[in-house]
Structure formats: C-alpha cells, structure tokens
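Just below is one structure, and these are the notes that go with it.
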Amino acid sequence: RWANHVNAHITMRAHVDGQEGACGNFNNNPEDDTNELIEARGGQVSPGEGLFDHMVPPKPMPIVDCPQEQKDKARALCAAEQPSLQGRLLELCAYDACIVGPQYAAQDGMAES
C-alpha cells in the first residue's frame, strides 16, 4: 500500500477440524489457544520451510526520542489527520510521525480504521 511498509499474505494448510492460526484455532474457546497446545497441534515450521532461515540478524537500533516541541507538532498532526485516534493509538501515531515522518500520521490512522 505505502512505500516502506510490508504486506504479508500467508497461505496455511487446511485442517479437518477448521482453521488453525498463530493465535489459535478460532473456535471461541481461549482455553485451547495456549502456546503449548498450538504447538502440539502442529504450530512449528519445519526446517527449510521458514522464510527467514538465511537472514542476517538485524543490527540493533537505539530507540530515539523526539524533542518535546516536535512531539507536540506530531501529536497535533495525528489528531488532525485522524480525529478518532485517542490514548495509546494517538501516542503511537505521534511517535511514528515524529521519528519517521509526517506522512505516517495519515497512514497510521488508515491502518487502524
């Protein structure tokens, strides 16, 4: 959708008893969605099937912070671009807009709607 973003489409094998996912089996029973039970039902990716088996580990990046004046401008921009953002979502949008650029103010809001 946007430059510098990644969209992933994952195809999963079908299950006789319904769909299985990384977050559970979607049967509205959270009791059987523990990590242990998901892995026991086949949640492990076998060697050679992983997408990231041969990736070089990323270099650690320090978390930087914006000056307060810049944070305030980013927060105001996010609020103007997406008035429904509140609380933590507004703060996350402001952080993205402050660190990466103002174009993320509109994009963060669109991703949440």
Taking only the Cα atoms of the stretch 68-112, how large is their convex hull per residue, in Å³?
54 Å³
Could you give me the ³J(HN,Hα) list for the stretch 78-92, computed from phi with Karplus coefficients 6.51, -1.76, 1.60 and θ = phi - 60°, whole Hz, x at Gly and Pro?
4, 5, 6, 6, 9, x, 7, 5, 9, x, 4, 5, 5, 5, 5
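If packing is taken as the average number of other Cβ atoms within 10 Å across a peptide's residues, how do 68-77, 28-37, 96-105 rank, most packed first?
The most tightly packed comes first, giving 96-105, 68-77, 28-37.
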Placing unit charges on C-beta atoms (Lys and Arg positive, Asp and Glu negative, everything else neutral), compute the dipole magnitude of the stretch 68-112 about its Cα centre in debye, rounded to 20.
80 debye
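Computed from the coordinates by the stated procedures, all read-outs in this text should not be read as laboratory data. No experiment lies behind these values; they were computed from the predicted model shown. Using ideal geometry, Cβ is built from the backbone for each residue, glycine included, and neighbour counts are taken over all protein chains shown.
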